[in-house]
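Everything below concerns the one structure shown next.
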Amino acid sequence: MVLCAVLALVCAVAPGVASDDAAGPATDSAAGPATDPVTGLATDADATPVLRIGFSTSSPPYVDMVNKAGLEPVLVAAALAKSGYRIVPVFLPHARALELARKGTLDGCGPVGRHTDVAELAVGDMYLRYSNVVVSLEAAGLDIRSLADLRDLAVTAFHNARVFMGPEFAAMADANPHYEEQVDQRAQVEAFFYRRDRVIVVDERIFAFHRARLAARGVAVPVRFHRIFPPQDRFFAFRDPAVRDAFNTGLRTLRESGEYARIVR
């Protein structure tokens with residue numbers, strides 16, 4: 001219920017949601033927003049600065065592109081609202097978002113990890129911690145204790161896992177002829193339950209979301225979690241260091257007030 005209430009914040013601060021990478025600021029009217037002559041930021045008629053922020057394509061519960069919601073749009077909108085900014089989410093692939101942020105078409109994008117190339121961008125404080133795990137079927141009886149144990153298994157990881165998970169993971173992936181990555185994590189989890197011939201690398205929240213949806217359809221198979229990875233910190237990167245600072249200040253305020261805990265629980 002709390003998350004549903006908070007989701008309204010996205011609609012309030014970002015009615016002009018975009019799902020492509022067309023150039024130029026998002027608008028709320030045919031005439032388009034004004035531009036602040038000092039900051040160069042798009043503004044509403046009431047002088048509210050508008051920021052185009054890139055988010056990944058759908059990965060519920062973090063990003064729900066269809067319903068224009070999710071933990072990440074809510075958190076970023078809430079943090080930047082503390083400094084008077086309004087965001088317009090733009091949903092597109094991770095690499096494209098970084099490219100457009102560097103070009104200035106986007107004012108920021110995320111998530112990025114510690115191993116992501118964020119040259120020319122200002123990276124904010126850690127806003128969320130992902131818990132990536134290996135999931136196998138209980139019936140398979142696998143005992144996975146390290147990356148080395150994945151080398152001979154059929155593994156499906158999330159898209160760009162090689163980048164997000166670091167060089168040791170990338171080396172494992174390169175050495176494993178049965179390794180693949182899946183852009184659509186809904187399809188990743190569904191294939192795991194229906195094919196039953198692979199293990200998957202996935203964030204626990206994402207897996208739980210899709211597992212619950214499948215369970216409602218009668219798909220319920222016992223699984224085993226292999227927690228061989230450390231928590232993965234996630235960040236947002238911004239074109240303007242001043243916006244990055246505003247994000248950090250807002251994030252700190254959310255944590256101190258308890259609002260952050262209510263959003264992410």
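Working note: Karplus 6.51/-1.76/1.60 with θ = phi - 60° gives the stretch 56-62 the couplings 5, 5, 3, 8, x, x, 6 Hz, where Gly and Pro are set to x.
Could you report the stretch 83-205's accessible area per residue, 1.4 Å probe, as an integer in Å²? Mind showing how you got there, number by number?
Values: 5380 Å² over 123 residues.
About 44 Å² of surface per residue is accessible.
Report note on the peptides 236-244, 188-196, 70-78: ranked by the mean count of other C-beta atoms within 10 Å, highest first, their order is 70-78, 236-244, 188-196.
Placing +1 at every Lys and Arg Cβ and -1 at every Asp and Glu Cβ, with all other atoms neutral, what dipole size does the stretch 98-247 have around its Cα centre, in debye to the nearest 20?
Working: 20 positive and 21 negative charges, 99 e Å.
The calculated dipole for the stretch 98-247 is roughly 480 debye.
Each peptide in 169-177, 83-91 receives the mean, over its residues, of other Cβ atoms within 10 Å, and ordering these scores from highest gives 83-91, 169-177. Residues whose amide H lies under 5 Å from that of A69, counting only those 5 or more places away or on a different chain, are D64; hydrogens are built 1.01 Å from N in the peptide plane. Under the simplified labelling scheme, the S257-R102 pair shows an inter-label distance of 3.6 nm, with each label point 7 Å from Cα along Cα→Cβ. Cα centroids of the stretch 135-193 and the stretch 91-114: 25 Å apart.
Counted residue by residue at 0.36 nm each, then reduced by the alpha carbon distance between them, the extension gain from V183 to L142 reaches 12.2 nm. Rounded to the nearest 20, the Cβ-based charge dipole of the stretch 75-151 about its Cα centre (Lys and Arg +1, Asp and Glu -1) stands at 240 debye.
Once the piece of chain linking D149 and A47 is laid out straight, how much longer is it, given 0.36 nm per residue of separation minus the C-alpha distance between them?
On the way: separation 102, 0.36 × 102 = 36.72 nm, distance 5.61 nm.
Answer, rounded to one decimal: 31.1 nm.
Give me the percent of accessible area attributable to carbon and sulfur for the stretch 136-182, probe 1.4 angstrom. Accessible surface attributable to carbon and sulfur in the stretch 136-182 totals 48 percent.
Taking amide H as placed 1.01 Å from N in the peptide plane, the amide H of F158 sits under 5 Å from that of Q182, V201, each at least 5 places away or on another chain. Dividing the convex hull volume of the alpha-carbon atoms in the stretch 175-265 by its residue count gives 170 Å³ per residue.
The values are calculated or read from the model by the stated rules, or taken from the named source; none is laboratory data. None of these values were measured; they are calculated from a predicted model. Cβ coordinates were reconstructed from backbone atoms using ideal geometry, including for glycine residues, and neighbour counts include every protein chain displayed. Remember, those area values only see protein heavy atoms, side chains included, never the ligands or the DNA or RNA. Shrake-Rupley method; radii C 1.70, N 1.55, O 1.52, S 1.80 Å.
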